[in-house]
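J.: I have a structure here, written as structure tokens, and I will follow up with some questions on it.
The values are calculated or read from the model by the stated rules, or taken from the named source; none is laboratory data. It should be emphasised that the depicted structure is a prediction, and the values quoted were computed from it without experimental measurement. All Cβ positions, even for glycine, are placed from backbone atoms using ideal geometry, and neighbour counts span all protein chains on display.
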Amino acid sequence: MSTVHAFNRKPRPGAMPDPMDQTQEDQTVVAQVRGGDVNAFEALFTKYRGHVTAIVRRHVPGDRVADNVQDAFVRAFQSLDGYRADAPFRRWLATIAVRTCYDFWRRQYRNKEIPMSRLSEEHRKWLENSLSGRSREDWKTLGRRREAREILDWALNRLGPEDRMVIELVHLEGMAVKEAAHMMGWSTANVKVRAHRARKKINRWLLEA
């Protein structure tokens with residue numbers, strides 16, 4: 001049975017896919033691509049497109065998701081020689097997706113394309129009421145509320161790309177510092193310091209808004 005057909009096999013009812021089988025399947029496809037069968041990469045694209053899209057959608061504007069998903073897969077294809085079989089391909093690809101988003105924001109800030117709009121009166125009123133009784137409410141919960149998300153986006157746009165990604169990974173997604181450091185290719189100490197300082201900045205900006 002070909003590798004592409006193997007991806008289409010459905011697990012038995014109630015059965016969960018074996019991570020080891022998934023890893024072996026991915027490594028087989030990677031070996032095919034490295035061996036010159038570039039069309040085999042389409043199987044990985046089809047399999048992980050949803051996974052990469054979900055990651056990218058959390059970090060870039062909606063109208064830029066598709067371009068950055070495509071960019072992430074292009075990078076993955078070009079970097080396959082750097083993939084090591086001792087790590088799941090899914091995790092390796094997630095790292096590339098996160099770094100693609102980081103590079104997106106670096107370009108945006110370099111080209112001064114980040115809108116620095118002021119908070120509306122409606123946002124200020126909501127923020128005043130929220131901070132008076134909910135200043136310690138979990139950031140992930142706040143991020144699901146429309147008003148809070150808009151205000152948070154306003155604050156994130158004032159951060160540099162490095163601090164922005166750290167805040168999103170650690171505080172909004174709840175990712176462990178060690179994992180965020182791996183995703184960004186930084187030391188854990190760097191991530192801890194950036195996360196602490198960036199959150200203090202945002203808290204100050206919100207109080208001063």
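J.: When only residues in region 144-161 that are in a helix (DSSP H, G or I) and surrounded by fewer than 18 Cβ atoms within 10 Å (Cβ to Cβ) count, which is modelled with the highest pLDDT?
T.: ASP153
J.: Go through region 1-59 and count every residue that is assigned to a helix (DSSP H, G or I) and either under 30 Å from TYR102 (Cβ atoms) or at pLDDT 50 or above (or both).
T.: Within region 1-59, residues that are assigned to a helix (DSSP H, G or I) and either under 30 Å from TYR102 (Cβ atoms) or at pLDDT 50 or above (or both) number 37.
J.: Sort out which residues of region 184-193 are surrounded by fewer than 23 Cβ atoms within 10 Å (Cβ to Cβ) and touching a residue at least 12 places away in the same chain (Cβ under 8 Å), and write them in order of number. Please lay out each step first, then the result.
T.: Within region 184-193, the first condition is being surrounded by fewer than 23 Cβ atoms within 10 Å (Cβ to Cβ), and the residues that meet it are 184-190, 192-193.
MET184, GLY185, LYS192 - these are the residues of region 184-193 that are surrounded by fewer than 23 Cβ atoms within 10 Å (Cβ to Cβ) and touching a residue at least 12 places away in the same chain (Cβ under 8 Å).
J.: Quick check on PRO88: is it assigned by TED's automatic domain parsing to the domain that holds GLY36, under 17 Å from MET165 (Cα atoms) and not hydroxyl-bearing (Ser, Thr, Tyr)? Explain how you work it out, then say what you get.
T.: Values: assigned by TED's automatic domain parsing to the domain that holds GLY36: yes; under 17 Å from MET165 (Cα atoms): no; not hydroxyl-bearing (Ser, Thr, Tyr): yes.
So PRO88 fails the test.
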